[in-house]
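A short worksheet on the structure shown next.
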Amino acid sequence: MFEAEAFFPHETLAAALIPHAAEGDDGSHDLAHILRVFRNAMRIHAGEGGDRRVLAASVLLHDCVAVEKNSPLRAQASALAAEKASAILLKLGWSNEDIEAAAHAITAHSFSAGVAPRTLEAKILQDADRLDAIGMVGAARCFYIGGRLGSGLYDPFDPAAKNRPLDDKRYAIDHFQTKLFKLAEGFQTETGRRLAAARDKSLREFLSAFMDEI
């Protein structure tokens, strides 16, 4: 119950959903990630509104199906999670309308899926999840995933990719340019954009300091 208490004021819902929230051993998509996304979502909800119960369930189940970043099924991960989440919420007695709302938010949250969020809850979840991909935590997750997938930190002879194409499969630091620095431009809510601007600034400052050291 202690874990569920961290998801105040949705402890009861969290207690029911945490056992389904994360699978596998990916430390970048674990319960700690889900809790950070929840806190981001609640901050955005405070400024934007929306159905907080649907949002909380969507956050708790948005990564309930684990698909590695380099898997050919990666683009389908959020749809698979939405399908699993729908079945879980149905067993909890949720209405079809609320299940569909949560499923859409889960499907649309993923960058890889390329699905446009249609509802406020979907926009908030997408923003909340992407906030965890930038800033200092985003940098840490980038290097963690790079190590997990067997890539190096950087090209020791051309770390800034001045004379080579960017390749974030070989070098983790390249992922800053290929994806992470682009995320702040695509936030859906005003509150999310404000939070993203601060984290994007931190991420760029991190890269600058990193480059100074190598």
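The values are calculated or read from the model by the stated rules, or taken from the named source; none is laboratory data. Here the structure is a predicted model, which means the values were calculated and not measured. Note: ideal-geometry Cβ built from the backbone for every residue, glycine included; neighbour counts use all protein chains shown. The area values use the complete protein model at the heavy-atom level, side chains included, leaving out ligands, DNA and RNA. Shrake-Rupley method; radii C 1.70, N 1.55, O 1.52, S 1.80 Å.
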statement: Here the residues of the range 117-139 lying in the modelled label zone of residue 32, meaning backbone nitrogen under 19 Å from a point 7 Å along Cα-to-Cβ, are 129-139
- prompt: In the chain, what percent of the accessible surface is made up of carbon and sulfur (1.4 Å probe, ligands and nucleic acids excluded)?
  reply: 53
field: Net +/- balance of residues flanking residue 21 in space, Cβ distance below 12 Å, scoring K and R +1, D and E -1
entry: -3
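How much space per residue, in cubic angstrom, does the convex hull of the C-alpha atoms of the range 120-194 take up?
95
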- request: Using Cα pairs closer than 8 Å and at least 6 residues apart in sequence, work out the relative contact order for the chain, in percent.
  value: 17
- prompt: What are the semi-axes of the equivalent ellipsoid for the chain, taken as the square roots of 5 times the Cα gyration tensor eigenvalues, largest first, in whole Å?
  reply: 31, 18, 15
task: May I ask you to derive the relative contact order of the range 1-89, considering only C-alpha pairs under 8 Å and at least 6 residues apart, and to give it as an integer percent?
output: 27
query: Accessible area per residue of the chain at 1.4 Å probe, in Å²?
result: 49
field: Listed residue (13, 45, 154) projecting farthest to the positive dipole end of the chain, Cβ model
entry: 154
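If we sort 115-128, 201-214 on the protection proxy, mean other Cβ atoms within 10 Å, highest first, what's the order?
On the way: 115-128: 22.8, 201-214: 13.0.
Packing order, densest peptide first, comes out as 115-128, 201-214.
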- request: Quick one: dipole size for the chain, taken about the Cα centre, charges +1 on Lys/Arg Cβ and -1 on Asp/Glu Cβ, in debye to the nearest 20.
  value: 420
- prompt: Projected onto the charge dipole of the chain (+1 at Lys/Arg Cβ, -1 at Asp/Glu Cβ, origin at the Cα centre), which of 33, 95, 107 gives the Cα projection farthest towards the positive end?
  reply: 107
- line: Taking 20, 109 and ranking on accessible area (1.4 Å, protein atoms only), highest first, one gets 20, 109
